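Below you'll find the structure, written out as structure tokens, and then a few comments.
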Amino acid sequence: MSRLKAPHQFPASGCWLHFFNPMIAELVGLVGYDYAMIDMEHGAGTLDRVLPLVQAAQLGGAKALVRIPERDPRWVGRLMDVGADGVMVPMVNNAEEARAMAEACAYPPKGTRGMAPGVIRASGYGGEVESYVEHYREEFLLIVQIETVQAAHEARAIAEIDGVDVLFIGPYDFSAAVGFPGEPDHPDVQRQIREIAEIVKAAGKTLGGIPTDGTSIGNLYDQGYDLVLGGFDMIMLREAMQADAASHRECMGERHGR
């Protein structure tokens with residue numbers, strides 16, 4: 001891996017990867033997205049399947065982010081070692097949990113990450129140890145998700161934690177948490193989301209989110225979101241296949257009376 005990596009720049013776009021297919025990951029950057037979000041929480045992927053996606057996304061010109069399957073600090077160091085450009089942590093509820101994840105991103109004495117820069121992919125397999133140790137943290141994004149009622153109440157304290165780079169609002173989980181499951185565009189849900197967003201921006205932190213039926217990608221950028229993860233590879237492929245199948249059925253019906 002080359003040193004130094006290009007810096008993270010916002011506003012930025014991205015999409016979600018659930019197929020765990022390296023060719024799809026490579027396409028992310030080639031088609032113009034800035035970030036690939038490899039989803040271990042809802043995708044069927046293990047750590048050994050994540051590495052090829054990280055490599056492929058970076059080869060295609062996108063930065064590779066990984067949503068870990070659970071709020072466990074041990075995932076962070078492992079994904080930093082393989083060279084991921086950032087990690088998203090689901091269901092961060094309070095400042096204490098956010099601090100634990102931030103500490104997992106840093107070597108002692110500032111943090112708790114295990115130190116083995118001489119053998120990891122992130123340091124060029126030990127070829128660039130000095131440069132990596134100097135710059136590793138500025139090249140990495142820690143993204144914490146705000147998805148619960150408690151997290152909404154604690155948003156200010158979470159945003160103030162040093163080492164938390166991005167606060168990412170999950171509208172679907174949050175809508176369920178506040179009593180409107182499957183209704184991320186409900187006025188009460190949107191009101192609370194706007195309040196959280198204002199807190200994040202006031203704290204000077206990067207704000208992330210995903211579009212909904214009632215809030216488009218453009219709406220999010222207009223509202224000051226910095227990182228918008230729009231498409232899902234699974235959904236985009238399904239919709240393209242559905243459209244193609246429908247086209248076939250229409251043509252067969254016209255020609256054969258079906």
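What to note about this one:
- Under the condition of being assigned to a strand (DSSP E or B) and under 17 Å from ARG191 (Cβ atoms), the residues counted in the range 209-229 number 1.
- Subset of the range 120-129 [touching a Gly at 6+ places or on another chain (Cβ under 8 Å), surrounded by fewer than 21 Cβ atoms within 10 Å (Cβ to Cβ) and not in a helix (DSSP H, G or I)]: GLY126
- Residue that is in a loop (DSSP other than H, G, I, E, B) and at pLDDT below 95, where the choices are GLY32, GLY45: GLY45
- Looking across the range 50-73, the residues that are in a helix (DSSP H, G or I) and either in contact with a helix residue (DSSP H, G or I) (Cβ under 6 Å, 6 or more places away or on another chain) or at pLDDT below 95 (or both) come down to PRO52, LEU53, ALA56, ALA57, LEU59, GLY60.
- Of the residues ARG74, ARG121, ARG156, the single one that is of a type in the set (Lys, Arg) and farther than 22 Å from PHE20 by Cα is ARG156.
- Against the criterion of being touching a helix residue (DSSP H, G or I) at 6+ places or on another chain (Cβ under 9 Å) and farther than 27 Å from MET40 by Cβ, GLY179 qualifies.
- Considering the range 64-74, and only residues there that are over 16 Å from TYR136 (Cα atoms) and buried (at least 22 other Cβ atoms within 10 Å of the Cβ), the residue that is farthest from the chain's Cα centre (by Cα) turns out to be ILE68.
- Checking ASP165 against (1) within 19 Å of LYS205 (Cα to Cα); (2) touching an Asp or Glu at 6+ places or on another chain (Cβ under 9 Å), the condition it does not meet: (2)
- Unmet criterion (only one of (1) modelled with pLDDT of 95 or more; (2) under 28 Å from ALA116 (Cα atoms); (3) surrounded by fewer than 19 Cβ atoms within 10 Å (Cβ to Cβ); (4) not aliphatic (A, V, I, L, M)) for PHE10: (2)
- The residues of the range 84-119 that are surrounded by 22 or more Cβ atoms within 10 Å (Cβ to Cβ) and part of a loop (DSSP other than H, G, I, E, B), listed by number, are ALA84, ASP85, VAL92, CYS105.
- All positions within the range 146-169 that are within 11 Å of ILE196 (Cα to Cα), under 17 Å from the mean Cα position of the chain (by Cα) and of a type in the set (D, E, K, R): GLU147
- Any chance THR212 is crowded, with 19+ Cβ neighbours inside 10 Å and modelled with pLDDT of 95 or more: no
- Matching residues, the range 222-255, being within 21 Å of GLU183 (Cα to Cα) and surrounded by 15 or more Cβ atoms within 10 Å (Cβ to Cβ): GLN223, TYR225, VAL228, LEU229, GLY230, GLY231, PHE232
- Among (1) in contact (Cβ under 8 Å) with a residue 40 or more places away in the chain; (2) out of contact with any Asp or Glu (no Cβ under 9 Å at 6 or more places or on another chain); (3) crowded, with 16+ Cβ neighbours inside 10 Å; (4) not polar (S, T, N, Q), the one test that GLU195 misses: (3)
The values are calculated or read from the model by the stated rules, or taken from the named source; none is laboratory data. Every value quoted in this text rests on a predicted model; they were computed, and no experiment measured them. Positions of Cβ are generated from backbone atoms using ideal geometry, with glycine treated the same way; all protein chains shown enter the neighbour counts.
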